[in-house]
Amino acid sequence: MLTVFMEYKVSPDSIQYYESQMVSVMQELKAFGASDIQWYRAADQPSLYVECFQVNDQESYDTIKKNRTTLQHPVFSLLNECVTGGLEKVHCWAFEKLNTKEDL
């Protein structure tokens, strides 16, 4: 299991459109196998957004990352005009959990 973080800035002029598209984006993430999807806006930087979700394996992460940063995907590409610098500025990271609460 991997925890994925995606971070990007949204153009202030596009925030309303962007937020309306995120319903479709989250549904598409689920179709790619993402679970426990969480979506955040930075409290001190209103145009900075982070998504956090779980995937089962590296292959799922690689597929989502590729599709989120390309203009070829019919849903994810809708965010290209919203993200400052375009989809290539969507930063993606996958993390493996090393310990549990019981280990601390």
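Would you mind calculating the gained length between Met22 and Thr100 on full extension (0.36 nm times residue separation, minus the Cα-Cα distance), in nm to one decimal?
Extra length from Met22 to Thr100 when fully extended: 25.0 nm.
Could you pull out which residues in segment 2-22 have an amide N less than 15 Å from a spot 7 Å beyond the Cα of Gln58, following the Cα-Cβ vector?
Residues 2-3 fall inside that zone.
So what's the back-of-envelope 222 nm ellipticity for the chain, counting only DSSP H runs of four-plus at -39500 (n - 2.57) apiece and dividing by all residues, rounded to 500?
Helices in the chain give a 222 nm mean residue ellipticity of -8500 deg cm²/dmol.
Expressed as an acute angle from 0 to 90° and rounded to the nearest 10, what is the orientation of the C-alpha long axis of helix 58-68 relative to the principal long axis of the chain?
Tilt of helix 58-68: around 10 degrees.
Using the structure shown, select from Lys65/Lys97; Lys9/Lys97; Lys9/Lys66; Lys30/Lys66; Lys9/Lys65 the pairs with a Cα to Cα distance greater than 23 angstrom.
Table pairs above 23 Å Cα-Cα are Lys9/Lys97.
Can you compute the charge dipole magnitude of the chain about its Cα centre, using +1 on each Lys and Arg Cβ and -1 on each Asp and Glu Cβ, nothing else charged? Give it in debye, rounded to the nearest 20.
Taking the Cα centre of the chain as origin, the dipole is about 140 debye.
Coordinate-derived values only; no laboratory data. All of these numbers come straight from a predicted model, not from anything done at the bench. Note that we place each Cβ from the backbone using ideal geometry, even for glycine, and neighbour counts take in every protein chain shown.
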